[in-house]
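**Student:** Let me begin by handing over the structure; questions about it come next.
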C-alpha cells in the first residue's frame, strides 16, 4: 500500500483507477485549475464514467439538489427572481461528439464544426428541472459563451430539445469576444443585477459559469469530465 | 438500468454504491448545501472511503495541485504574499474520532470533549505541503473556527504534529461567537487585505473556508465526507 507521503505525488499512484477517481475529484472541486485534456491513463475511466450509469447518476442527484433549493425559495411577485442556466453540458449535451471522437484532446475547429452540423440532445434531468423551475415562477436567463451569430442555431436546437419560455438568451457580443468566461459571465450577471433582478440560482457545468461577482444565492456545479473552460 | 428520469430522484437509485458516489460528488462540489449527517445507506461507503486508500489519494492529489500553483507564483519581496490554511481536516485530523465513534450523526459535545482530550494527528500530505509553502516564502495564516480559548491547546497540538513558523493563528473572538463560518472567515480575510496582504492561496476542507469576499487568487477544496460547516 502506498503511504500518504508517496500519494502526495500523483505519479506514484499504484492503480490508475484510484488516480483517476482522484483526478475526477480535483477537476470537479476546481483544484486542478485550467486542465487541457483528460490524462491518457484516464481515457477509459472517463469513457466508462460518461457513458455508463455514473454521469447520469451524478447529474440527476445534482438536479435533485437544485430543485430542492428552488422549491425552498419564497418567490416575490415583482417578477425579479432570476435563475441562470448555462447551455452546453448543462441543458444540451456534446456527449455524442465525444462518443464518436473519443475523450482525448479535442480539435477545437472540428468540435465547433460538428456542433454546427448536429443537433445536441437534451440532458433529460435538466429538461425536467428547467420546466419545474419555470413553473415555480423564476425568470430564466440562458447565459452561454457561444457567440451572437450562433443565436438562431442555438434557439432552434434548444427548442427541438424541448426547452422554451426563457426570458433571455445571452450570447457573447463582439465586445466580449476575447474575454475569458470567468470575466464575461459575471459581467452579464452584473447587468441583470443592475436591471433589478435578484440572482437566486445558477446552474452550470463549469466553475467559470458560477464564480466571480455577483454570485448567485446558490450555485450548482454539474459534472463535466470532458473539458474545462477558464 | 434506471433511466435519466428516474435518476433525477436519488431515492430511485438501484445501487447504494452508485448513489453514495453521487452523494460524494454533491457534497464535494457543494451542491448538497448544508447537510447534517452522512445518509444511513452511505455509512459503510464513507468508512471505506475515509479509512482506505481513497481519502489519502484525493487528499494527496489536491496537495499536489496546490503545490504546483504555489510554485508558479512570483513572490514579491515585500513579505505581503499570504497563504491561508484552515486547521481541522486540513492540517490535523479528527479521523481517529470517527474511526472510534462511527461516521454517523455526531454528538457535538462529545466531539468537542474528545478533541480537547486527544492530540489530533497531522494529515501527512498537508504537513509536507505546509513546509514547502513556507519554504517558498509565503506568510502563513492559520484561520480556524475554533474559539480563542482553544489557542494554547491548538498551538501545542499543531506543534506536536510538526507545524511551525506560521505568521498568525486566527481564532474566533467573543464578537465572532455567533457568526457562521461563511461570514466569519471572509471578514478575517478582509482584515488581512486591509493590512496590505495579498491573499494568494487558501486551503480548506469546507466551502465556507474558501467562498465569500475577498476570495484568494486560488482556493483548494480538500475532501471531507465526515461533516459540513455552514
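The values are calculated or read from the model by the stated rules, or taken from the named source; none is laboratory data. Just so it is clear, the structure is predicted and the values come from calculations on it, not from any experiment. Here the Cβ is made from the backbone with ideal geometry for all residues, glycine too, and neighbour counts use every protein chain on show.
**Student:** State whether one or more residues within segment A:167-183 are surrounded by 18 or more Cβ atoms within 10 Å (Cβ to Cβ), in a helix (DSSP H, G or I) and touching a strand residue (DSSP E or B) at 6+ places or on another chain (Cβ under 8 Å).
**Tutor:** Yes, because at least one residue in segment A:167-183 is surrounded by 18 or more Cβ atoms within 10 Å (Cβ to Cβ), in a helix (DSSP H, G or I) and touching a strand residue (DSSP E or B) at 6+ places or on another chain (Cβ under 8 Å).
**Student:** Can you tell me which of B:212, B:201, B:162 is under 25 Å from residue B:60 (Cα atoms) and free of Cβ contacts under 8 Å to residues at least 60 places away in the same chain?
**Tutor:** B:162
**Student:** Here is a follow-up. Say we look at segment A:49-63 and pick out the residues that are touching a residue at least 24 places away in the same chain (Cβ under 8 Å) and within 9 Å of another protein chain (Cβ to nearest Cβ); which of these is farthest from residue B:16 (Cα to Cα)?
**Tutor:** Filtering first and then ranking leaves A:63.
**Student:** Just one of A:94, A:111, A:138 is without any contact (Cβ under 8 Å) to a residue 60 or more places away in the chain and at negative phi; which is it?
**Tutor:** Just a single option satisfies the conditions, and that option is A:111.
**Student:** I would also like to ask the following. Within segment A:51-65, does at least one residue satisfy the condition of being modelled with pLDDT of 95 or more, over 22 Å from residue A:93 (Cβ atoms) and within 19 Å of the chain's Cα centre (by Cα)?
**Tutor:** Within segment A:51-65, not a single residue is modelled with pLDDT of 95 or more, over 22 Å from residue A:93 (Cβ atoms) and within 19 Å of the chain's Cα centre (by Cα).
**Student:** Of everything in segment A:204-229, what is at the interface with chain B (Cβ under 10 Å from one of its Cβ atoms) and within 21 Å of residue A:102 (Cβ to Cβ)? Give them in sequence order.
**Tutor:** A:223, the sole residue that qualifies.
**Student:** When you look at residue A:196, is it at positive phi and within 14 Å of another protein chain (Cβ to nearest Cβ), yes or no?
**Tutor:** On the way: at positive phi: yes; within 14 Å of another protein chain (Cβ to nearest Cβ): no.
It is false that residue A:196 is at positive phi and within 14 Å of another protein chain (Cβ to nearest Cβ).
**Student:** Here is a follow-up. How many residues are more than 23 Å from residue A:202 (Cα to Cα) and either more than 11 Å from chain A (Cβ to nearest Cβ) or not in a helix (DSSP H, G or I) (or both) if we restrict to segment B:12-35?
**Tutor:** 4
**Student:** Please go through segment A:117-133 and give me each residue that is surrounded by fewer than 19 Cβ atoms within 10 Å (Cβ to Cβ), part of a helix (DSSP H, G or I) and either touching a residue at least 40 places away in the same chain (Cβ under 8 Å) or more than 19 Å from the chain's Cα centre (by Cα) (or both), ordered by number.
**Tutor:** Answer for segment A:117-133, where residues must be surrounded by fewer than 19 Cβ atoms within 10 Å (Cβ to Cβ), part of a helix (DSSP H, G or I) and either touching a residue at least 40 places away in the same chain (Cβ under 8 Å) or more than 19 Å from the chain's Cα centre (by Cα) (or both): A:117, A:132.
**Student:** A follow-up question, please. Could you count how many residues in segment A:90-138 are touching a strand residue (DSSP E or B) at 6+ places or on another chain (Cβ under 9 Å) and modelled with pLDDT under 95?
**Tutor:** The number of residues fulfilling the criteria is 1.
**Student:** In segment B:97-108, which residue that is assigned to a loop (DSSP other than H, G, I, E, B) and touching a residue at least 24 places away in the same chain (Cβ under 8 Å) is surrounded by the fewest Cβ atoms within 10 Å (Cβ to Cβ)?
**Tutor:** Looking at residues that are assigned to a loop (DSSP other than H, G, I, E, B) and touching a residue at least 24 places away in the same chain (Cβ under 8 Å), I get B:105.
**Student:** So, in segment B:36-48, of the ones that are buried (at least 20 other Cβ atoms within 10 Å of the Cβ) and in a helix (DSSP H, G or I), which residue ends up farthest from the other protein chains (Cβ to nearest Cβ)?
**Tutor:** That would be B:46.
**Student:** Next question. Which condition from (1) surrounded by fewer than 21 Cβ atoms within 10 Å (Cβ to Cβ); (2) within 26 Å of residue A:58 (Cβ to Cβ) is the one that residue A:196 breaks?
**Tutor:** Against the list (1) surrounded by fewer than 21 Cβ atoms within 10 Å (Cβ to Cβ); (2) within 26 Å of residue A:58 (Cβ to Cβ), residue A:196 comes up short only on (2).
**Student:** Continuing with the same structure: Quick one: would you say residue A:146 is within 14 Å of another protein chain (Cβ to nearest Cβ), under 23 Å from residue A:125 (Cα atoms) and within 16 Å of the chain's Cα centre (by Cα)? Full working, then the answer.
**Tutor:** Details: within 14 Å of another protein chain (Cβ to nearest Cβ): no; under 23 Å from residue A:125 (Cα atoms): yes; within 16 Å of the chain's Cα centre (by Cα): yes.
When the stated conditions are applied, residue A:146 does not pass them.
**Student:** Going by the conditions given, is residue B:70 touching a helix residue (DSSP H, G or I) at 6+ places or on another chain (Cβ under 8 Å), buried (at least 16 other Cβ atoms within 10 Å of the Cβ) and either within 12 Å of chain A (Cβ to nearest Cβ) or in a helix (DSSP H, G or I) (or both)?
**Tutor:** Criteria met by residue B:70.
**Student:** Being touching a residue at least 12 places away in the same chain (Cβ under 8 Å) and either within 30 Å of residue B:22 (Cβ to Cβ) or out of contact with any strand residue (DSSP E or B) (no Cβ under 7 Å at 6 or more places or on another chain) (or both) narrows it down to one of A:207, A:149, so name that one.
**Tutor:** Working: A:149 fails: touching a residue at least 12 places away in the same chain (Cβ under 8 Å).
From the options A:207, A:149, the qualifying one is A:207.
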